[in-house]
1. Report the full-extension gain for the segment S60 to T37: residue separation times 0.36 nm, less the Cα-Cα distance, to one decimal in nm.
2. First check a/c for region 1-41, with a ≥ b ≥ c the square roots of the eigenvalues of its C-alpha gyration tensor; if it is under 1.5, answer rounded, and if not, answer prolate when a/b is larger than b/c or oblate otherwise.
3. With θ set to phi - 60° and the Karplus curve 6.51 cos²θ - 1.76 cosθ + 1.60, what are the ³J(HN,Hα) couplings of region 58-73 in order, to the nearest whole Hz, using x for Gly and Pro?
4. Highest mean first, how do 62-74, 86-98, 132-144 rank when packing is the count of other Cβ atoms within 10 Å averaged over residues?
5. Excluding ligands, DNA and RNA, what is the solvent-accessible area per residue of region 1-93 at a probe of 1.4 Å, expressed in Å²?
6. For region 4-161, what is the percent of antiparallel DSSP beta bridges, rounded to the nearest 5?
7. What order, most packed first, do the peptides 76-83, 46-53 have when packing is the mean number of other Cβ atoms within 10 Å of each residue?
8. With a ≥ b ≥ c the root eigenvalues of the C-alpha gyration tensor of region 59-172, is it rounded (a/c under 1.5), prolate (a/b larger than b/c) or oblate?
Amino acid sequence: MPRNNCQGNPEDVSVIIAVRNGARFLAEAIASVLDQTSLPCQILVIDGRSTDDTVRIAQSFPRVEFHEQDGAGIANAYNYGVKLARGALIAFLSHDDIWTPDKLAVQTGYLRGHPADMYCVARARFFLEPGCSLPLGFKPALLEGDHVARIMETLVAHRELFNLVGGFDEGLSVAEDVDWYARVADAGYPVHVVEKVLLHKRVHDVNSSLTTATHNHNLLTALRASAARKRGSAHANEGVEGGGTNR
């Protein structure tokens, strides 16, 4: 297994690609990482026990570190990747999406110029894979123009942020990113958007994150948890303020 070349540089990036049975698009996703103008120090492919050609494809790239995840589900894969990552910064890419060649250079440059910011996201352009129909519930308007995308595939974050707010909720099969971003915001770390398209997000017939029923249930769970945290924070602040007025 190849070793990474992370040297403790504050701009070193570990890239995490979670995949299960992703042979159809994985090579293109990895190639978009290797085509970066600012290469990451580590590329981790975390596999969910694929039964197709995923393993062979991932291991055909000499710079890729291949690992079978230690549990199940996308949240577990992300958490395992974060555990294995050694870069000062962490980025994520889905096996079926594509980064622009300047993705990491632009976002590491942003974070270098804004040292107080813990993370940033970017804009994305959605495209429909030829020959595929839109997944049930997908909004066709997303295929027009580009959009601010607070999703994992646009994220570059300081490793420390995961220590501060925790990892991904492994009880959620989808919408784990919505829950994580909500916890980050509730902890007082605002989102910062690089106003440039840095991700091409593929829409196809087996997008697990774009199916409706389970996604909507988990989304509601994440939003309710966020609301509960905000209520708890408000009550805590009221207690502090009230205590200050007692004589």
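1. Once the chain is fully extended between S60 and T37, it gains 6.1 nm.
2. Since a/c reaches 1.5 and a/b is larger than b/c, the shape of region 1-41 is classed as prolate.
3. Values, residue by residue: 4, 6, 7, 9, x, 8, 8, 9, 9, 9, 8, 5, 8, x, 9, x Hz.
4. Top of the packing list down: 86-98, 62-74, 132-144.
5. Here the per-residue accessible area is 43 Å².
6. Here the share of antiparallel DSSP bridges comes out near 30 percent.
7. Answer by packing, highest mean first, reads 76-83, 46-53.
8. It comes out oblate by the Cα gyration axes.
The values are calculated or read from the model by the stated rules, or taken from the named source; none is laboratory data. Keep in mind it's a predicted model, so treat the numbers as computed, not measured. We place every Cβ from the backbone using ideal geometry, glycine too, and count neighbours over all the protein chains shown. Just so you know, the surface numbers come from the protein's heavy atoms only, side chains and all, with ligands and any DNA or RNA stripped out. Shrake-Rupley method; radii C 1.70, N 1.55, O 1.52, S 1.80 Å.
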